[in-house]
Amino acid sequence: MTSDFTIRTKRLLFRPFQTSDAEVVHRLAGSHDVASGTFLPHPMDRQAAHNWITERVEDQAAGRGVTFAITLAESGQVIGSIGMEIVTAHEQGRLSYWLGRTYWNKGYGSEAVTALVEYGFDNLHLHRIYAPHFHTNPASGRVLQKVGMTHEGRLREHYLRFGQRIDVEIYGMLRKEFLNSGGRVKERNDR
Ligand SMILES: CC(C)(COP(=O)(O)OP(=O)(O)OC[C@H]1O[C@@H](n2cnc3c(N)ncnc32)[C@H](O)[C@@H]1OP(=O)(O)O)[C@@H](O)C(=O)NCCC(=O)NCCS
């Protein structure tokens, strides 16, 4: 993948992060609300945001993963991040994503996960894409349901975050399920 690779959806444009995004990453990902559903460093000052971007760029160069800045296509405003850790030996991708607090509940999360799942199967030729989410973060689970992933199970008290032991829910999709759906992720609205 070239470093200027972008993905375009109806409302969003995904592009690689640059270190000049450190200020906006600090502002959006520094929020406790955003950090508490993730393992983002917290507190996240500008230097930590800069380091976080550098690590993502290095992981990408080493083939360990891909990360995109999620931007609003019209304005170019950065609103969040989405990426996948990749284990090439297993043709497997593990999704992670976050949006700034003011951008929640507008469908951007589902739009972004849909795009990355399609990118993972179409461009990265993965066999399996999965995503863990904290049990305490039902909005993320809802996003994964909406993009048609299957709930595969719960890992009890799997993580320790901010002093709390947290159950983790696992959602996944196999390549054959993606292809059986016509090679496009169709948003499901059943609950
Ligand atoms: C998880 C996250 C990316 C979701 O993004 P989003 O843009 O708000 O997602 P969408 O708007 O596409 O969908 C959210 C869905 O969750 C639902 N939802 C929101 N809060 C909820 C709650 N407390 N309980 C249950 N469902 C909830 C919304 O109603 C919506 O479902 P609907 O379309 O059926 O109404 C965003 O909340 C976020 O960045 N959180 C902090 C970081 C994080 O947790 N990342 C995920 C790590 S696994």
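Rule-based calculations on the coordinates, nothing more; no lab input. For clarity, every value in this text was computed on a predicted model and none was experimentally measured. As a convention, Cβ positions derive from the backbone with ideal geometry for all residues, glycine included, and neighbour counts pool all protein chains shown.
Things to note:
- Remark: the stretch 7-180 projects, on average over all directions, an area of 9.7 nm² (convex hull of Cα atoms).
- Under the Karplus curve 6.51 cos²θ - 1.76 cosθ + 1.60, θ = phi - 60°, whole-Hz ³J(HN,Hα) for the stretch 135-146, x wherever Gly or Pro sits: 4, 7, 10, x, 4, 5, x, 5, 4, 5, 5, 5
- Calculated on the Cα set of the stretch 137-191, radius of gyration then Dmax: 13.6, 43 Å.
- In Hz, Karplus ³J(HN,Hα) per residue of the stretch 115-131 (6.51, -1.76, 1.60; θ = phi - 60°; x = Gly, Pro): 5, 6, 5, 4, 4, x, 7, 6, 9, 9, 6, 6, 8, 8, 10, 9, 8
- Furthest towards positive pole of dipole, Q60, S110, F162, structure part the stretch 49-177, Cβ charges: F162
- Each semi-axis of the equivalent ellipsoid for the stretch 92-134 is √(5λ) with λ an eigenvalue of the Cα gyration tensor; in descending order they amount to 22, 12, 6 Å.
- Most mobile of H26, H90, H50 in a GNM of the chain (Cα contacts under 10 Å): H90
- Note on the stretch 89-107 and the stretch 125-191: Cα centroid distance 10 Å, given to the nearest whole angstrom.
- The amide H of T9, built 1.01 Å from its N in the peptide plane, has F14 as neighbours under 5 Å, considering only residues 5 or more places off or on other chains.
- Most mobile listed residue (A112, A22, A69) in the chain, GNM with C-alpha springs under 10 Å: A22
- Mean residue ellipticity (222 nm) of the chain, computed from DSSP H runs ≥ 4 via -39,500 (n - 2.57), nearest 500: -9000 deg cm²/dmol
- Computed over the Cα atoms of the stretch 1-105, the ratio of the radius of gyration to the Kirkwood radius (Rg/Rh) comes to 0.95.
- Taking the stretch 7-180 and dividing mean pair separation by its residue count, relative contact order in percent (alpha carbons under 8 Å, at least six apart): 18
- Among L179, L95, L124, residue whose mean-square fluctuation peaks in a GNM of the chain (springs only between Cα atoms under 10 Å): L179
- Calculated SAXS-style log₁₀ I(q)/I(0) at q = 0.13, 0.14 Å⁻¹ - the stretch 49-115, Debye, Cα scatterers: -0.40, -0.46
- Among the GluC sites (Glu not before Pro) within the stretch 133-191, those in coil by DSSP and having at most 15 neighbouring Cβ atoms inside 10 Å are E187.
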